[in-house]
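These notes are about the structure you will find just below.
Throughout, read-outs are computed from the coordinates displayed, never taken from laboratory work. A quick note: this is a predicted structure, and the numbers were derived from the prediction, not measured. Positions of Cβ are backbone-derived with ideal geometry, glycine not excepted, and every protein chain shown enters the neighbour counts.
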Amino acid sequence: MKCFVSILFLLISLLSYSSTELNTLHYKFRIYLSDKGNTHYSVNNPSQFLTEKAIERKRVQNVEIDETDFPISNDYFALVEMAGGEIVSHSKWFNTFVVEVADSTKIDDIKSLSFVDSVKYVWKGTNNGYRESLRPRLQQLNQIEANSQPELNYEDTIYGYTHPQFKLHNADQMLNAGYRGKGIEIGVIDAGFTNFDVIPAFESVDLLGYSSFVPEGDMFASSDHGTKVLSTMAVSQPGQMIGSAPEASYWLLRSEDVVSEFPVEEDYWVRAVEYADSLGLDVINTSLGYNDFDDINLSYTHDDLTGGVSIMSLAADMAYDKGMIIVVSAGNEGNKPWQKSTPPGDAKNVIAVGAVGTDSIIALFSSHGEMADGRIKPDLVSVGKGTITIGQFGVIGRTNGTSLSSPFLAGLIASLWSINPDLHREELIDIIFKSSDRNLSPDPVYGKGITDFSKAMNEVLKTVE
């Protein structure tokens, strides 16, 4: 009996301790380093830190490999950990660590390290973690009743429900000609891809791999935001739904923490886009943007919309400089006080995408307006009102948001690039802009407007020898 009581007391104590630990407030700080430390890497031997695909893409895109491509010294990792910080993310482009500490005073020990320039608070919260209940697992799709599918206007073509979306851009002509993204690799950086791994509609997707850069959660359980985003590009169900780049290859990358909203998610995104660069991916779509954070002292203001304040915006421009085309959602703030595009949509070399319906009329929620330095965002618009998607239950439906207009356009861009994969990204983007209906008179609502991909296709074909 005494033994039983002792064991029971021990179990209660452990549970109490575990509960206390889970509810203890933790902090994350971005640590800016003065340099990378002693590294053995050389620009003359890039295969040590880049894939052959990445090296080849940089060659084709006339991108020089430099020291920003070098990893941070392992010695710095070890010294920061010894000083009391758990490193949960890092960036080789910006020479930063993100460290988590249970006691915010511990950061003083890290600050004192000779190679640390400065620190910035980017998150606070508890380690309650994610619950499996975040994932409504699929049962048997054949048990879903047909009338559970929303009423859709169906057109009897290979494009099915997505036909009006392609017609808006004259993009059906491009895909009918056989240009469907083959040979182009797309990275989708998002919040999660719930049930992607078990939905039959995704079985045809050429998946190269996946990786999460968020310490907690599950790629295929945390959110179906990315599931819907991916479906607009990658699905191939002739007669029902066709994605805008059904023959492209895909990497799924998770950077969004759906439990809270803090700048640390930008750090996770930076890590994801750096990884995409090291893999040699060609196009990035990200339907994520940040302006308001849980700690309002960290939130952005309109004056910050220069492309040079948010580390995510800086990284998006860096990714372009590294040879990729970056397509981002402009944001859904059009009918809210913020109104304007959200970072990284303010970056100078990204294509920020607003939302229209298939009737070409702007969606009220679509972010719009001038940036702090006078630039117009969005750059282009695509279908983000009533966009055809597949979510976590594997059912075709409609979804609103620039989160959908961005990937649909990104896929069309990938399909266009597949005509001539050696075309320089700057020339391709120039063709896209010049093939858009408001190119000569862009405005703060539509940007350069709606791209005619039949016209763009003919221009790219002229570049093929």
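State the dimensionless ratio Rg/Rh of segment 227-291 (Rg: radius of gyration of Cα atoms; Rh: Kirkwood radius).
1.04
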Quiz prompt | Highest to lowest packing among 225-238, 436-449, 350-363, scored as the average C-beta count within 10 Å | solution = 225-238, 350-363, 436-449
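Net charge within 14 Å of residue 381 by Cβ-Cβ distance, Lys/Arg positive one each and Asp/Glu negative one each, not counting residue 381 itself?
Net local charge, residue 381 excluded: -1.
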Self-check item: Net charge dipole size for the chain [Lys, Arg +1 and Asp, Glu -1 on Cβ; Debye, nearest 20]
Solution: 560 debye
Practice problem: Go ahead and estimate [θ] at 222 nm for the chain from helices alone: -39,500 (n - 2.57) per DSSP H run with n ≥ 4, summed, over the residue count, rounded to 500. | Solution: -8000 deg cm²/dmol
Quiz item: Rounded to the nearest 20 Debye, what is the dipole magnitude of segment 180-282 about its Cα centre when Lys and Arg each give +1 and Asp and Glu each give -1 at the C-beta?
Solution: 480 debye
Self-check item: Dimensionless Rg ratio for segment 24-125, taking C-alpha atoms and the 2.2 N^0.38 Å reference
Solution: 1.24
Quiz item: Between residue 124 and residue 32, what length in nm is gained on full extension when 0.36 nm per residue of separation is reduced by their alpha carbon distance?
Solution: 31.3 nm
Practice problem: Work out from phi, with θ = phi - 60° and the Karplus expression 6.51 cos²θ - 1.76 cosθ + 1.60, the ³J(HN,Hα) of each residue of segment 158-171, listed in order in whole Hz, and give x for Gly and Pro. | Solution: 4, 7, x, 5, 8, 3, x, 5, 5, 5, 4, 9, 6, 7
Quiz item: Between residue 280 and residues 5 or more places away or on another chain, which pairs have amide H atoms under 5 Å apart, with H built 1.01 Å from N, and which residues are they?
Solution: 54
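Cα gyration tensor of segment 387-465, axes a ≥ b ≥ c as square roots of the eigenvalues: rounded (a/c below 1.5), prolate (a/b > b/c) or oblate? If you can, show how the numbers build up before the last one.
Values: a/c = 2.90, a/b = 1.46, b/c = 1.99.
In terms of gyration-tensor shape, oblate.
Using Cα pairs closer than 8 Å and at least 6 residues apart in sequence, work out the relative contact order for the chain, in percent.
Relative contact order of the chain: 16 percent.
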Quiz prompt | Spatial separation of Cα centroids for segment 275-306 and segment 201-255, in angstrom | solution = 20 Å
Quiz prompt | Tail fraction, Cα-Cα pairs, the chain, threshold 40 Å, whole percent | solution = 21 percent
Quiz item: How much length is gained if the chain between residue 198 and residue 461 is pulled fully straight, taking 0.36 nm per residue apart and subtracting their Cα-Cα distance, in nm to one decimal?
Solution: 90.9 nm
Quiz item: What are the residues whose amide H is under 5 Å from the amide H of residue 123, where those residues sit 5 or more places off or on another chain and H is modelled from the backbone?
Solution: 28
Quiz item: Restricting to segment 350-465, what percent of DSSP beta bridges are antiparallel, rounded to 5?
Solution: 70 percent
Quiz item: Got a sec? How would 299, 249, 47 order by Cβ neighbour count within 10 Å, fewest to most?
Solution: 47, 299, 249
Quiz item: Could you list log10 I(q)/I(0) for segment 314-365 at q = 0.21, 0.26, 0.31, 0.32 Å⁻¹, which the Debye formula gives when each Cα is one point scatterer?
Solution: -0.74, -0.92, -1.10, -1.14
Quiz item: Per-residue HN-Hα couplings for segment 388-405, Karplus 6.51 cos²θ - 1.76 cosθ + 1.60 at θ = phi - 60°, whole Hz, x for Gly and Pro?
Solution: 6, 9, 10, x, 5, 9, x, 10, 6, x, 10, 9, 9, x, 5, 4, 9, 5
Quiz prompt | Peptide ranges 277-283, 195-201, 40-46 listed from the most packed, as the mean C-beta count within 10 angstrom indicates | solution = 277-283, 195-201, 40-46
Quiz item: Tally Lys/Arg at +1 and Asp/Glu at -1 over every other residue whose Cβ is under 12 Å from the Cβ of residue 316; what's the total?
Solution: -4
Practice problem: Give me 123, 93 ranked fewest to most by other Cβ atoms within 10 Å of their Cβ, as a rough exposure proxy. | Solution: 93, 123
Self-check item: Among beta bridges that DSSP assigns inside the chain, antiparallel share in %, nearest 5
Solution: 55 percent
Quiz item: How large is ³J(HN,Hα) for each residue in segment 374-385, as worked out from phi by the Karplus curve 6.51 cos²θ - 1.76 cosθ + 1.60 (θ = phi - 60°), to whole Hz, x for Gly and Pro?
Solution: x, 5, 8, 9, x, 7, 9, 10, 8, 6, x, 10
Quiz item: Where the centre of each part is set by its Cα atoms, how far does segment 310-362 sit from segment 43-97, in angstrom?
Solution: 26 Å
Practice problem: Identify all aspartates and glutamates with a Cα-Cα distance to residue 120 below 14 Å; exclude those on the same chain that are fewer than 8 residues away in sequence. | Solution: 100, 108, 265, 266, 267, 295
Quiz item: In terms of the Cα gyration tensor, with a ≥ b ≥ c the square roots of its eigenvalues, is segment 324-394 rounded because a/c is under 1.5, prolate because a/b exceeds b/c, or oblate?
Solution: prolate
Quiz item: Sequence-distant or interchain residues sharing an amide H contact under 5 Å with residue 70, placed H: which?
Solution: none
Practice problem: Set Lys and Arg Cβ to +1 and Asp and Glu Cβ to -1, take the dipole of the chain about its Cα centre, and tell me which of 381, 72, 215 lies farthest positive. | Solution: 381
